[in-house]
1. Checking the conditions here, which among Gly113, Gly134, Gly73 is small (Gly, Ala, Ser) and within 30 Å of Gln43 (Cβ to Cβ)?
2. Any idea which residue in the range 92-140 is most open to solvent (accessible area, probe 1.4 Å), counting only those that are under 22 Å from Val81 (Cα atoms) and of a type in the set (S, T, N, Q)?
3. Of all residues in the range 16-60 being β-branched (Val, Ile, Thr), open to solvent by 80 Å² or more (accessible area, probe 1.4 Å) and modelled with pLDDT of 90 or more, which is farthest from Arg150 (Cα to Cα)?
4. Would you check if Arg148 is assigned to a strand (DSSP E or B), touching a Ser or Thr at 6+ places or on another chain (Cβ under 7 Å) and among the basic types (Lys, Arg)?
5. Run Gln76 past the list (1) open to solvent by 50 Å² or more (accessible area, probe 1.4 Å); (2) over 25 Å from Val157 (Cβ atoms); (3) not basic (Lys, Arg) and report the number of the one that doesn't hold.
6. Being at negative phi and under 12 Å from the mean Cα position of the chain (by Cα) narrows it down to one of Leu129, Leu122, Leu92, so name that one.
7. Can Ala166 be described as more than 30 Å from Gly48 (Cα to Cα), open to solvent by less than 50 Å² (accessible area, probe 1.4 Å) and not in a strand (DSSP E or B)?
Amino acid sequence: CQELAADVLIASDGPRFTRDHPTVVLGSRGVMSFDLIVSLRDQPLHSGNWGGALSNPAIILSHAIATIVSRNGTIQVRALVPQEVPSAARDLIKSLDVPLPVEQDDTEWGEPGLTVAEKLFLWNSFDVLAFDVGDPINPVNAIPHRARARCQIRFTVDSEPNFLSALRHFLD
């Protein structure tokens with residue numbers, strides 16, 4: 001292993017917390033992206049003929065996601081979160097003041113009782129990055145045949161990365 005020296009490190013993955021204060025991050029969460037798909041039929045079917053009689057994959061998928069994450073962003077599937085946060089790490093992180101990058105009060109979003117810094121560095125997150133159903137540019141009067149959500153879990157190094165089997169078990 002060769003030792004390197006530098007006056008400045010510029011990294012392109014992730015923002016600085018504030019423009020006037022350099023940000024040094026010595027650790028990061030891992031990422032797992034995956035699709036949740038509800039596919040019920042081969043094609044969409046006319047809603048005038050079948051609405052109210054046939055299940056809608058978008059509604060089913062929306063409800064599934066709502067059981068994974070609460071309306072306030074708390075992960076409900078406890079197998080997806082760290083089982084224990086080391087107290088030494090929590091003590092170090094508590095002193096960090098990490099401002100949110102937007103002018104809105106999101107203090108109630110995510111795991112209750114954690115600071116923004118603790119949520120970012122010591123806790124896992126579950127997010128929906130995209131939701132695909134029908135054609136939003138040119139919607140038709142049809143019950144969709146499938147719905148897909150592109151999801152992502154950001155996780156700490158101490159997490160067991162068996163997220164997909166935990167989700168499958170939970171959703172079953």
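1. Checking each option against the conditions leaves just Gly134.
2. Top of the filtered list is Thr107.
3. Filtering first and then ranking leaves Ile59.
4. no
5. All conditions pass for Gln76, except number (2).
6. Answer to the selection: Leu129.
7. Spelling it out, Ala166 is indeed more than 30 Å from Gly48 (Cα to Cα), open to solvent by less than 50 Å² (accessible area, probe 1.4 Å) and not in a strand (DSSP E or B).
The values are calculated or read from the model by the stated rules, or taken from the named source; none is laboratory data. All of these numbers come straight from a predicted model, not from anything done at the bench. Note that we place each Cβ from the backbone using ideal geometry, even for glycine, and neighbour counts take in every protein chain shown. Remember, those area values only see protein heavy atoms, side chains included, never the ligands or the DNA or RNA. Shrake-Rupley method; radii C 1.70, N 1.55, O 1.52, S 1.80 Å.
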